[in-house]
Structure formats: C-alpha cells, structure tokens
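Only the coordinates and a few stated rules stand behind these numbers; no lab work does. What you see is a predicted model; the values in this text were computed from it and never measured. Cβ placement follows ideal geometry from the backbone for every residue including glycine, while neighbour counts extend to all protein chains displayed.
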Amino acid sequence: MTIDTTNSLSATTDAAVVQQPIIIDLGKKSRKRVKKLRKGKPGRLLDKVHEVIAEISEAGALPRSTQPVVVIVRERRKNKLGRLWG
C-alpha cells in the first residue's frame, strides 16, 4: 500500500489555492473485492481505505477543508487454466 501526499506545486498565489489529492494505492486485489469497493459495500478494501484515512487525519496530513482522496486498486488476472491446474 502506498500513500502519496506530496505537494508538487511550489509557487501558488493567495487567490488560487490548489489542494493536491491524497492517493492511496492498494495494489492488486481480487475481482470480487474490487467490485465491493466500487459499490461501497462493506469489505476488506473499504475497511482498509477507512483505516488509512483515519491514520492520515490523526497525523495531521489531512486538512480540515475537503480534499480529494483517490483510491487506486487493480484487479488480479483470472487464472486461465482454472483452479485445477494452477
């Protein structure tokens, strides 16, 4: 799991404050878990996202104002030979 909270903008004006999104990379997970996360149903991935957001807010990296959170998760490829052979 990777969390990126760096600010790549060095020069910002007072009128236009740009907030960088928080990116949470969960890696490759099963198709079933990814579907549950997309639909917002309870599951391991949704619990992990809530846990990471809580850790970030406790550390003070998450400001009071709303900031976009982007979750990246990839589906594992299905085994083409099936479970019997692989």
Shape box of the stretch 20-75 [Cα atoms, principal axes, largest first, Å]: 33, 19, 16
Förster radius 35 Å - calculated FRET efficiency between H50 and R77, Cβ distance, rounded to 0.05: 0.80
